[in-house]
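Notes to accompany the following structure.
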Amino acid sequence: MLKSPITRLGGKSRLRKNIIEIIPEHTCYVELFFGAGWVYFGKEPSKVEVINDIDKELINLFKMMKYHAPEIERMLEYEFSGRDIFEEYKNVTIENLTEINRAVRFLYLITQSFAGRGNNYGYGSTRQPSQQIFHKEVLSAIKERLRNTYVENLSFEKIIDKYDSENSFFFCDPPYFETAGYGFEFGEKEHLLLRDKLSKLNGKFLLTINDHEKVREWYKDFNIRELEVNYTVSKEQKARGKYKELIIYNY
Ligand SMILES: C[S@@+](CC[C@H](N)C(=O)[O-])C[C@H]1O[C@@H](n2cnc3c(N)ncnc32)[C@H](O)[C@@H]1O
């Protein structure tokens, strides 16, 4: 199974086996909230594939890996972990950078920060600094994997409109309900829009979301499975522990 090249809050690295096992037959695989794309990178390629996220910098990274991998590789060859470089990348005006420079900057901030959040330089007394921020082999595997995939950067409802068909399968991993987000509004209004769109789908969907009374009510007409997940991505002990997560699907 391929690994994602980045970490992202809410990444499905632990749950992906459970999800991949129950993906139904389909021709077109659509991932609406790509993030680090753990499920996409873990599953077998489908005939047609679409990855989408509203985050412009994140999608730019995957686009540049797809189209300009050799140049990214060249730029990363001598890049190493350092607090001063991290701060410089963080504070740069991105409008002045090329798309390739922006991709390298994003990759640097994500891979060199605590929990991949890009805010604070990641260091510690029990871990070594990563000497090289990226390995050639990883980049070339990712590039190969992305070769036949449409890379989109729109809000989820537009992607549903564009790609829905009887043979489409949508994997949906939106920001959790009532938890810290990704800098994009995703409250009850957006969750209800997603529910309405999914309810009218011609294709199939699988949604992963935190266990919440309201969520159970919204999706009461669909199949709901409960899973217990261990979260460790937090500095605060109290924020670690077991949480229930729901897998909801219409097939
Ligand atoms: C829970 S994460 C996805 C994690 C991913 N499955 C993984 O394995 O890393 C949710 C993602 O939804 C994206 N997002 C937020 N609002 C969105 C919207 N309206 N349309 C599409 N993507 C959105 C965020 O940028 C974030 O990357």
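Here the spin labels are modelled as points 7 Å beyond Cα on the Cα-Cβ line, and at ASP196 and THR93 they lie 4.1 nm apart. Distance between the C-alpha centres of the stretch 1-72 and the stretch 164-206: 16 Å, rounded to the whole angstrom. Each Lys and Arg adds +1 at its Cβ and each Asp and Glu adds -1 at its Cβ; summed about the Cα centre, the stretch 56-147 shows a dipole of about 360 debye.
Computed extension length for GLU25-GLU228: 70.5 nm, one decimal, from 0.36 nm per residue of separation with the Cα-Cα distance subtracted. State the antiparallel share, in %, of DSSP beta bridges confined to the chain, rounding to the nearest 5. Antiparallel bridges make up about 50 percent of those DSSP assigns within the chain. Around the Cα centre of the chain, unit charges on the Cβ atoms of Lys, Arg, Asp and Glu (plus for the first two, minus for the last two) sum to a dipole of about 560 debye. For the stretch 109-162, a simple Cβ point-charge model (Lys and Arg +1, Asp and Glu -1, everything else neutral) yields a dipole of about 140 debye relative to the Cα centre.
Between amide H atoms placed 1.01 Å from N, distances below 5 Å from SER113 occur with GLY118, GLY122, all of them 5 or more places distant or on a separate chain. Between the residues VAL104, LEU207, VAL229, the greatest Cα displacement towards the positive end of the dipole of the chain, with unit charges on the Cβ of Lys, Arg, Asp and Glu, is found for VAL229.
Rounded, prolate or oblate, given the Cα gyration tensor of the stretch 56-147, with a/c below 1.5 counting as rounded? Oblate is the answer for the stretch 56-147, as a/c is 1.5 or above yet b/c matches or exceeds a/b. Each pair of Cα atoms in the chain enters the Kirkwood radius, and Stokes-Einstein at 10 °C and 1.306 mPa s then converts it into a translational diffusion coefficient of 83 µm²/s.
Only the coordinates and a few stated rules stand behind these numbers; no lab work does. Values in this document were obtained by computation on a predicted structure and should not be read as measured data. Backbone-built Cβ (ideal geometry, glycine too); neighbour counts: all protein chains shown.
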